[in-house]
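Rule-based calculations on the coordinates, nothing more; no lab input. Note that the structure is predicted; figures quoted are calculated from it, not measured. For neighbour counting, all protein chains shown are included, and Cβ atoms are generated from backbone atoms with ideal geometry for every residue, glycine included.
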Amino acid sequence: MLPRKQKVGTVAVIAHQRKSFGGGLDELRRLLADEGVGELLWYEVPKSKKAPKKARKALKEGADLILVWGGDGMVQRCVDAIAGSGVTVGILPAGTGNLFAQNLGIPEDLPKAVHVAFHGENRKLDLGKVNGEHFAVMAGVGFDAAMMEEADRGLKDRLGRAAYVWTGLRHVRGELVPMEVRIDGVTWFEGEASCLLLGNVGTITGGIEAFDDARPDDGWLEIGVTTANGPIQWARVLGRMSAGRSEDSPFVRMTRARKITARFGSPMTYELDGGAKGAVTKLKAKVVPGGVTIRVPESTGSEQL
């Protein structure tokens, strides 16, 4: 007879009902039973904006490990509610992009992702915070956010990753907007720009290595401003980014900062981890060092981070 696995503490699952992964939530229940879960808290939500309430409930109920089933938007909503609690988060990448999971080396395979969640290594990772809300991957204003907003309108469910390419092609003619960006109290950029990006990790939408030296545990946010205007200039920018040479583009300026304040000459849409958040004329951001504890693969954690 095989020995019984030692029971773990209280585990909470917060699952996006519309996201599929492996054998689905039924397989997840079987895998959790195999891991010897003691008390299981189970929450399903029809959309990611319903997730924070469940995350706070899981914390109140004493969850030791919170498993998030969904994409980057779902993870962002949950992490925003969990930030600072010290409770460990396991990611089950059931979304379209799963950029945070990819950057951390978490596999897009359900049994393997569950194994990481229970037997991986705890890492305290930084978060960004924009206008009072946390993000794990990136924040974007302008071209990037307009692209995400349109992709959110059902296209991601129908087209998957191709939704970002489709909407990107539609928005390459985005207008330049007067912009002032201050970093750590000093004016860093003042002029017209079409996009402002803040990154906590290196790889962003479409698998592009936008921030080559980014690390989610270094206490900094990467920042980039793009002045590209029109399809030809944007093609040059995206070409350099896809080659991992973003800083070489004449239409890109990049650095890193702990605090960022941006003002825009007209309202601009912004996004957090791929989810559109509306239009603003001012944006305040900062890094939150060690803001969340994530379970990452033990064998590749040091390489990924």
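Points worth noting:
- Cβ-based exposure ranking for PHE100, PHE251, in which fewest neighbours within 10 Å come first: PHE251, PHE100
- Placing +1 on the Cβ of every Lys and Arg and -1 on the Cβ of every Asp and Glu, with nothing else charged, gives the stretch 74-145 a dipole about its Cα centre of roughly 140 debye.
- If only the Cβ of Lys and Arg carry +1 and only the Cβ of Asp and Glu carry -1, the dipole of the stretch 11-119 around its Cα centre is close to 600 debye.
- Using θ = phi - 60° in the Karplus curve 6.51 cos²θ - 1.76 cosθ + 1.60, the 3J(HN,Hα) couplings for the stretch 127-133 round to 10, x, 9, 10, 6, x, 10 Hz; x is entered for Gly and Pro.
- Karplus (6.51, -1.76, 1.60) ³J(HN,Hα), θ = phi - 60°, over the stretch 38-49, in Hz, Gly and Pro reported as x: x, 9, 10, 9, 10, 10, 10, 10, x, 8, 5, 5
- Shown for LYS53, LYS129: other C-beta atoms within 10 Å of each C-beta, ranked fewest to most, produce the order LYS53, LYS129.
- Computed over the alpha-carbon atoms, the stretch 77-144 gives an Rg to Rh ratio of 0.98, Rh here being the Kirkwood radius from the mean inverse distance.
- Shape category assigned to the stretch 11-119 from the gyration tensor of Cα positions, a/c cut at 1.5: rounded
- Fewest neighbouring Cβ atoms within 10 Å first, the residues LEU196, LEU28 line up as LEU28, LEU196.
- Per-residue packing, averaged as other Cβ atoms within 10 Å, sorts the ranges 15-23, 88-96, 34-42 into the order 88-96, 15-23, 34-42, beginning with the highest.
- Radius 10 Å from Cβ of VAL13, net charge of other residues (Lys, Arg +1; Asp, Glu -1): +1
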